[in-house]
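A.B. asks: Structure in structure tokens, see below.
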Amino acid sequence: MKNTIAYESFLLKTLTKDNFSIIVGGFCPKGKKLEAINIYEKISEFMLGQSKDEYIIDYTLAEAIKKISPEWVSVVGASISIDNIKNKTGGIIGSPCEQNESAQDEIEEIITGIYLISFSGGPGAAFKGSYSDGLKLKNILIEYKKGKYDIDTVTNKFSEITDLYILVEDGSGYMSRGGIYVSDNNGKHYKTFN
């Protein structure tokens, strides 16, 4: 199946209404990047850091993203940095039109030719490609979680397999790295909390 829509990635970093750093990125139809950025800057109108509960943090973040997402955005990821959180959390990725789900550690085709891989405790990624590409990328992410690769190695390996991807790191909790890495025909870009 050939995907008839040409996608590009978008990426922005801002502060929530309650002054927590947040990064949002995703895929939108080619030519709509600036419009997507302007829409997702509205995340700054939300209070997203009021809970210290890991599940509530991700749920609140996902609900805020869904509220502002236009139907033409196919994939969105977000990472939020909230202080004094014990376990890794604060990172979501998926289709903003779908029901919220916890990470399944599986490869899932979310729209034609776009696949999602998400791990509880992060990271999560979406990419243009095939299921077999997903198997390779999943193995790269597993090795990354084990500490075998650094993030630059991961993004380089992703770029060898696909020209369109987003990788989301949890932004809150002990040992969380926080950040979003995107790639499209215009190259690789990233934003982190450091």
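The values are calculated or read from the model by the stated rules, or taken from the named source; none is laboratory data. All of these numbers come straight from a predicted model, not from anything done at the bench. Using ideal geometry, Cβ is built from the backbone for each residue, glycine included, and neighbour counts are taken over all protein chains shown. Note: accessible area is taken over every heavy atom of the protein model, side chains too, but ligands, DNA and RNA are not part of it. Shrake-Rupley method; radii C 1.70, N 1.55, O 1.52, S 1.80 Å.
A.B. asks: Is it the case that some residue within region 100-109 is under 17 Å from Glu8 (Cα atoms), of a type in the set (Gly, Ala, Ser) and open to solvent by 10 Å² or more (accessible area, probe 1.4 Å)? Walk me through it before giving the result.
C.D. replies: Kept after step one, since they are under 17 Å from Glu8 (Cα atoms), are these residues of region 100-109: none.
No; the residues of region 100-109 include none that is under 17 Å from Glu8 (Cα atoms), of a type in the set (Gly, Ala, Ser) and open to solvent by 10 Å² or more (accessible area, probe 1.4 Å).
A.B. asks: What is the residue count in region 119-165 for residues that are aromatic (Phe, Trp, Tyr) and open to solvent by 30 Å² or more (accessible area, probe 1.4 Å)?
C.D. replies: Of the residues in region 119-165, 2 are aromatic (Phe, Trp, Tyr) and open to solvent by 30 Å² or more (accessible area, probe 1.4 Å).
A.B. asks: Is it fair to say Lys13 is farther than 22 Å from Ile110 by Cβ, in contact with a strand residue (DSSP E or B) (Cβ under 7 Å, 6 or more places away or on another chain), open to solvent by 40 Å² or more (accessible area, probe 1.4 Å) and not in a loop (DSSP other than H, G, I, E, B)?
C.D. replies: Spelling it out, Lys13 is indeed farther than 22 Å from Ile110 by Cβ, in contact with a strand residue (DSSP E or B) (Cβ under 7 Å, 6 or more places away or on another chain), open to solvent by 40 Å² or more (accessible area, probe 1.4 Å) and not in a loop (DSSP other than H, G, I, E, B).
A.B. asks: Answer yes or no: is there a residue in region 46-66 that is under 21 Å from Ser183 (Cβ atoms), open to solvent by less than 30 Å² (accessible area, probe 1.4 Å) and part of a strand (DSSP E or B).
C.D. replies: To start, the set of residues in region 46-66 that are under 21 Å from Ser183 (Cβ atoms) comprises 65.
Within this subset, residues satisfying the condition of being open to solvent by less than 30 Å² (accessible area, probe 1.4 Å) are 65.
From what is left, the residues that are part of a strand (DSSP E or B) are none.
No, region 46-66 contains no residue that is under 21 Å from Ser183 (Cβ atoms), open to solvent by less than 30 Å² (accessible area, probe 1.4 Å) and part of a strand (DSSP E or B).
A.B. asks: To continue, here is another question. How do the strands (runs of 3 or more DSSP E) wholly within region 148-194 filter down when requiring 2 or more residues that are farther than 28 Å from Ser51 by Cα and either modelled with pLDDT of 95 or more or not small (Gly, Ala, Ser) (or both): which remain? Please lay out each step first, then the result.
C.D. replies: Numbers: elements: 165-169, 179-184, 187-192.
Counting at least 2 such residues, we get 179-184, 187-192.
A.B. asks: Taking region 67-90, which residues are at pLDDT below 95, in a loop (DSSP other than H, G, I, E, B), touching a strand residue (DSSP E or B) at 6+ places or on another chain (Cβ under 6 Å) and over 13 Å from Lys32 (Cβ atoms)?
C.D. replies: Ile85, Gly90
A.B. asks: What about Gly26, is it at pLDDT 95 or above, open to solvent by less than 40 Å² (accessible area, probe 1.4 Å) and not in a helix (DSSP H, G or I)?
C.D. replies: Numbers: at pLDDT 95 or above: yes; open to solvent by less than 40 Å² (accessible area, probe 1.4 Å): yes; not in a helix (DSSP H, G or I): yes.
So Gly26 fits the description; yes.
Residue by residue, here is whether (1) over 17 Å from the mean Cα position of the chain (by Cα); (2) closer than 30 Å to Thr112 by Cβ holds:
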{"residue": "Ser9", "(1), (2)": "no, yes"}
{"residue": "Asp18", "(1), (2)": "yes, no"}
{"residue": "Gly25", "(1), (2)": "no, yes"}
{"residue": "Lys32", "(1), (2)": "yes, yes"}
{"residue": "Gln50", "(1), (2)": "yes, no"}
{"residue": "Lys66", "(1), (2)": "no, yes"}
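A.B. asks: OK, next. Could you please let me know if Ile93 is in contact with a Ser or Thr (Cβ under 7 Å, 6 or more places away or on another chain), at pLDDT 90 or above and assigned to a loop (DSSP other than H, G, I, E, B)? Full working, then the answer.
C.D. replies: Working: in contact with a Ser or Thr (Cβ under 7 Å, 6 or more places away or on another chain): yes; at pLDDT 90 or above: yes; assigned to a loop (DSSP other than H, G, I, E, B): no.
Judged against the criteria, Ile93 is not a match.
A.B. asks: Select from region 34-56 the residues that are aromatic (Phe, Trp, Tyr), modelled with pLDDT of 95 or more and over 19 Å from Ser9 (Cβ atoms) and list them in ascending order.
C.D. replies: Phe46
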